[in-house]
Structure formats: C-alpha cells, structure tokens
Amino acid sequence: MPPSDLPALHTFAAVARHGSFRKAARDLDVSPSAVSHAVSGLERRLGLRLLHRTTRNVGLTQEGRVLLSGLSPALERIDAALDAARGVGPGLAGSLRIAAPDETCASLLLPLVLAFRARFPEVEVTLVGTEGAREGADFTVRGADAASEAEHEGCLALGHGVRRLLVAAPAYRDTHGLPADPDALSRHVCIGCTGVDGTIRPWELRRGGARLPCIPEARLVLGSARLVRAAVLAGAGIGQGTEPDLRADLEAERLVEVLPGWAAPPEKCFLCWPQGALDRPAPGAFVDFVRRAGETVLAWQGGREG
C-alpha cells in the first residue's frame, strides 16, 4: 500500500462509521467534498467499489465490509501508538459532565464511565442523573427522536438499547390481580413518572411490530424512575422501568412482569454533544473511547461475551 493512501483509508473508515460523508467531514474537520474526493480516489486506485451512495444514505459494499473489518484494528493500533507518543494515554486529565435520565445512568452510562476512568484515572467525571441538568453539560443522553435535533453537533448510539417493562410487586398481584391486556390497565393503580416538562411519560407497549405509546391513567405520579421503582416494590401499583434496572428484582421475584407480551422492543439511546464540546481533550477522548470500547463494555456488564 502506498503511504499516501493512509489518509484516504482513514477517511473511508470515518465515512463507514458515520454512514455519512457530511458527518465524517465534520468529524475529520474537512469539507464534505474533500471526503468524497478522497474516497473516490481510493476506490479508483484499488479498482474496487467500497460504498453504495444514495441521496439519503451511504452503505458499505461487500468489498467495503471486507476492507473495513481488517482496517479498523490497524487504525486503532495506529491511534494508540500516536496517543502514547503524545503522552495522551495514561496522562490525560481534565473534566467532563454528562446529564442523563436516572434510569439510563445505571444501565448504560455507569459501566462506560467506570471503564473510561479505569483507563484515564486523572479525568474528573460528573454524571448527573436527571434530565433537568443539561445546562453546561458536555454530553446529554437522548432518545432517537430527540437525537437528531439541530442543537447537537454529534450523536453516538449507546449499545443496542434498553427495553421498558411494566412491573408490579407480588403483594399487589395477590390483592388486585394483573391486567390481561392494556385496556384493563384503567382498572388498576398505575404509577406515572414525570418528564422534565412535568407531563407524565408515556408507557411504551407493542402491538404486532408497532410501538403503542400509552399515557397511563395514573393515580400516583412521581418525579423519578427511582421513586417509581420504590413505590412498585412497596406494592403501591403498576409502574414502568428499564430492564437493566429491574433485572435483579425480577430474578429475586421481588417484582413480576405485567403484560409481558406487550413489552416494547429495545429503544436506542444516544450520547449527544453540542457545538465545540469536543474541543477539550477529555470529552474528545470519551467519545473515542465509547466508539471503540462501548459495545464490549456494555456486553460484559450484561453477562455476555464482549
């Protein structure tokens, strides 16, 4: 490989990672036309078509997938060598602040933060478990609908998403029974949770392959997922929470799942950052860490091979 092809290979990997010439250009701090020219030139020199291009998206060809599978580890080793040469590795310092919903912190963010801190112990990390504390945050965690808002310079998916489950305590089940379908929820004590705007968050159910948002007729409304879980454990009614946060209670039979056949498929969460957030070393290093190690860390936390 001619040494002059290394920048073009790096550009190709960025386009493949983002699925977009525009996002890759922003990541590399070059123009979209420069990215397109670099990839086209690489394809021409290799005699291979690496990307499918449409007006809406960019995808890998079979040849592109084969190249990327071997290229990514090599580029990571190069990046690691450059980091070591610059003294960025163990000596990285600074701070970063992440704001996210309470239930997302434990299930998705905390494993990543702990693994990041193990590698960069001098970085000060503040993880704020409330959606109302976005002011001054380097990162926020948003759902798929909000992740595309113009206020964000970039977004990165966190794992494969989490499922939300309806649960109740055995004591509630023994006294009131459990609903057989969503229509029967109106005859039960439903515990709602408010979002930042003060409205009750919809419960995510599923009908066939489609999501079915359901606003519970809540007789008890609480301000955080932690309070909802505590109230449900006390037998006060039926509430909704994320599967990772409820797994231990379900396995210990402190809680039982309600309407299991109606549980919505996993919902993706995205780590989002505003314009200029990655100008400082610590936030930039965190994004790189999540890109490279995120899936492995989350899989390990979930008890699967990473």
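Picking from 218, 169, which residue would you name as being surrounded by 18 or more Cβ atoms within 10 Å (Cβ to Cβ), at pLDDT 85 or above and in contact with a helix residue (DSSP H, G or I) (Cβ under 7 Å, 6 or more places away or on another chain)?
Exactly one of 218, 169 is surrounded by 18 or more Cβ atoms within 10 Å (Cβ to Cβ), at pLDDT 85 or above and in contact with a helix residue (DSSP H, G or I) (Cβ under 7 Å, 6 or more places away or on another chain), namely 169.
When residue 226 is evaluated against the numbered criteria (1) within 28 Å of residue 137 (Cα to Cα); (2) at pLDDT below 80; (3) surrounded by fewer than 20 Cβ atoms within 10 Å (Cβ to Cβ), which criterion, by number, is the only one it fails?
The number of the failed condition is (2).
Which condition breaks for residue 59 when tested against (1) in a strand (DSSP E or B); (2) under 21 Å from residue 284 (Cα atoms)?
Status for residue 59: all satisfied but (2).
What number of residues within the stretch 234-244 are farther than 20 Å from residue 211 by Cβ and crowded, with 18+ Cβ neighbours inside 10 Å?
Residues meeting the conditions: 2.
For the stretch 280-306, enumerate the residues that are modelled with pLDDT under 80 and either over 17 Å from the mean Cα position of the chain (by Cα) or closer than 15 Å to residue 94 by Cα (or both).
Hits for the stretch 280-306 are 303, 304, 305.
Taking residue 194 and the conditions (1) under 21 Å from the mean Cα position of the chain (by Cα); (2) modelled with pLDDT under 90; (3) open to solvent by less than 40 Å² (accessible area, probe 1.4 Å), which numbered condition does it fall short on, given that it satisfies the others?
Condition (1) is where residue 194 drops out.
The values are calculated or read from the model by the stated rules, or taken from the named source; none is laboratory data. Nothing here was measured: the structure is a model prediction, and the numbers come from that model. All Cβ positions, glycine included, derive from the backbone under ideal geometry; neighbour counts span all protein chains shown. Quick note on the areas: whole protein, heavy atoms, side chains included, nothing else; ligands and nucleic acids left out. Shrake-Rupley method; radii C 1.70, N 1.55, O 1.52, S 1.80 Å.
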